[in-house]
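Taking it in order: structure first as structure tokens, then the write-up.
The values are calculated or read from the model by the stated rules, or taken from the named source; none is laboratory data. As the structure is a prediction and not an experimental result, all values here were calculated from the model. Neighbour counts run over all protein chains shown; Cβ positions are idealised from the backbone, glycine included. The accessibility values were calculated without ligands, DNA or RNA, using every heavy atom of the protein model including side chains. Shrake-Rupley method; radii C 1.70, N 1.55, O 1.52, S 1.80 Å.
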Amino acid sequence: MPMQPWFSDAKLGIFIHYGIYAVDGWAESWSFYTGEVTHEQYMKQLDRFTASHYDPAAWAELFARVGAKYAVLTTKHHDGVTLWDTGHRNLDVVRDTPAGRDLVTGFVDALRERDLKVGLYYSHSDWNHPDYPSVRHVGPGEPASPFSHAEPGKEDPAAWERYLAYRDGQVGELVDRFRPDLLWFDGEWERTEEQWRMRELAELILAGNPDAILNARMLSHGDYATPEQGVPLQAPDGPWELCLTINDSWSYRPTDHDYKSVRRLVRYFTETIGMGGNLLLDVGPMEDGTIPAEQVERLEGLGAWISRHADAVYGTVAGLPPGHHYGPSTLSADRRTLYLTCFDVPREAVSIRGLRNAVRRVSVLGTGAELGHHVTGGLDAVPGVTWIDAPAAADLDEYATVLAVELDGELDLYRGTGRD
Ligand code: GLC
């Protein structure tokens with residue numbers, strides 16, 4: 001079944017790591033797994049998770065305003081605490097925290113209200129479920145935390161069956177109750193595809209909703225690749241999405257001030273969409289549900305850039321391969337307009353090499369200023385260099401300037417070595 005087209009057209013999604021870990025601001029789930037805090041300390045956060053200012057309508061308004069087309073919420077991270085009112089109980093915010101209510105329904109409704117696609121994150125692994133550490137991952141050198149793996153000789157296949165029934169029950173609920181457009185799995189590395197029964201899980205999801213998109217952490221049943229924290233040098237095959245933290249943390253960590261600047265986010269974003277991917281930019285709300293001001297400011301900065309350059313973002317496909325232009329680019333769906341991104345102030349000219357098309361018109365996106373252009377050189381089949389006059393200072397964008405290059409037909413590139 002081909003993947004739903006909305007995904008590749010979306011360009012920007014917002015990832016939200018929200019859970020009890022925001023109470024004391026320790027790393028989501030990992031902090032007790034790695035021993036940064038004791039398990040007891042970590043679990044005490046349950047008593048203080050209130051979601052007292054949780055306002056999913058405000059989140060959705062913000063996400064829509066900054067140009068995102070979907071959002072993905074951690075409905076259960078590796079700590080196993082679900083944010084919805086699950087009938088397959090172990091730990092959930094409804095019964096085990098003062099929040100006392102389901103947080104997923106409001107999120108799903110608020111996104112749909114704004115025409116945003118609904119993504120639900122779910123961790124296959126669960127470091128708090130008594131039946132989870134009942135098997136071992138095959139393979140040498142694997143970590144053997146008591147939270148995730150049975151001691152050698154202490155494997156309990158019946159417990160593992162119970163765990164799978166629990167996971168399938170929860171995922172089935174997510175599919176039936178919320179009909180997510182996207183299920184974003186995680187935690188897959190602790191078992192093999194066979195141990196996870198991925199095929200059966202994929203069948204269960206698709207029987208409930210054949211249009212659901214699955215990320216690559218469903219292993220061979222994933223629809224798209226999920227590079228994490230670094231822009232790939234070559235686009236992965238097929239659809240893909242870069243997930244990226246806004247500072248260095250997935251969840252709310254008041255001690256982490258290493259925020260990416262708006263200019264840097266614009267770089268990540270344009271480099272990602274220029275290679276045909278989506279950016280899934282992560283925020284970490286505080287325990288009360290408020291997204292910290294530093295994060296909101298950055299989302300708004302990126303969003304303002306996107307709205308000034310919407311033509312270069314939505315309805316585009318990957319642009320020029322490296323070597324033709326010094327910077328990322330996108331191409332209109334009809335392949336007749338190239339959008340060149342310039343991070344630095346262009347000196348004298350911006351060049352395009354290997355362009356066989358004649359250029360009809362070049363303008364600065366946003367201001368509309370028209371720029372002169374001409375071609376020099378070229379011999380027989382080898383095109384010359386297309387030179388575009390550098391924009392005036394007043395036409396430069398604070399973060400990245402985009403030039404719209406209208407071609408005389410569909411993009412036609414020369415990719416040779418210079419003699420033929
Ligand atoms: C890693 C981490 C996890 C985080 C995820 C986001 O898999 O285990 O904490 O949620 O990356 O992609």
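Output the 0 to 90 degree angle, nearest 10, between the alpha-carbon long axis of helix 104-113 and the longest principal axis computed from the alpha carbons of the chain.
With rounding to tens, the tilt is 30 degrees.
For helix 56-65, report the angle its Cα long axis makes with the longest principal axis of the Cα atoms of the chain; keep it between 0 and 90° and round to the nearest 10°.
10
Compute the label zone of Ala381 within the stretch 345-366: residues whose backbone N is under 20 Å from the point 7 Å along Cα-to-Cβ.
353-358
How big is the dipole moment of the chain about its Cα centre under a simple scheme where the beta carbon of each Lys and Arg is +1, that of each Asp and Glu is -1, and everything else is neutral? Debye, nearest 20, please.
Here the chain has a charge dipole of around 840 debye.
Residues in the stretch 72-88, backbone N under 18 Å from the label point at His137 (7 Å along the Cα-to-beta-carbon vector): list them, ranges by number please.
Residues 77-80 qualify, since their backbone N sits under 18 Å from the label point.
What number do you get for the chain when its Cα radius of gyration is normalised by 2.2 N^0.38 Å, N = residues?
For the chain, the normalised Cα radius of gyration is 1.10.
Taking each pair of distinct Cα atoms in the stretch 316-407 once, what is the resulting Kirkwood hydrodynamic radius in Å?
13.3
Name the residue, out of Asn215, Asn278, Asn357, whose mean-square fluctuation peaks in a Gaussian network model built on the chain with Cα pairs under 10 Å.
Asn357
Could you put Glu271, Glu370 in order of accessible surface area, largest first, with the 1.4 Å probe and the full protein assembly present?
The ranking, largest first, comes out as Glu370, Glu271.
Relative to the longest principal Cα axis of the chain, at what angle does helix 157-178 sit, 0 to 90 degrees, rounded to 10?
Between helix and principal axis, roughly 50 degrees.
Calculate one ³J(HN,Hα) per residue across the stretch 232-246 by plugging θ = phi - 60° into the Karplus curve 6.51 cos²θ - 1.76 cosθ + 1.60, and present them in order as whole Hz with x for glycine and proline.
Each residue of the stretch 232-246 in turn: x, 7, 10, 4, x, 5, x, x, 7, 8, 8, 9, 8, 7, 7 Hz.
Quick check on the chain: helices-only [θ] at 222 nm, where DSSP H runs of length 4 and up contribute -39,500 (n - 2.57) each and the sum goes over total residues. Nearest 500, please.
Here the helix-only value at 222 nm equals -7000 deg cm²/dmol.
Given labels modelled 7 Å from the Cα in the Cβ direction, how far is it in nm from Thr367 to Ala158?
Between Thr367 and Ala158, the label points sit 7.5 nm apart.
If you add up the charges near Arg179, with Lys and Arg at +1 and Asp and Glu at -1, over every other residue whose beta carbon is less than 13 angstrom from its beta carbon, what do you get?
Combined, the nearby Lys, Arg, Asp and Glu give -2.
What is the spread of the Cα atoms of the stretch 222-323 along each of their three principal axes, largest first, in whole Å?
42, 33, 23
Mind checking the per residue accessible area of the stretch 254-410 for me, 1.4 Å probe, whole number of Å²?
Per residue, the stretch 254-410 has an accessible area of 43 Å².
What is the percent carbon and sulfur in the accessible area of the chain, measuring with a 1.4 Å probe over the protein chains and ignoring ligands?
Using a 1.4 Å probe with all protein chains present, the chain comes out at 50 percent carbon and sulfur.
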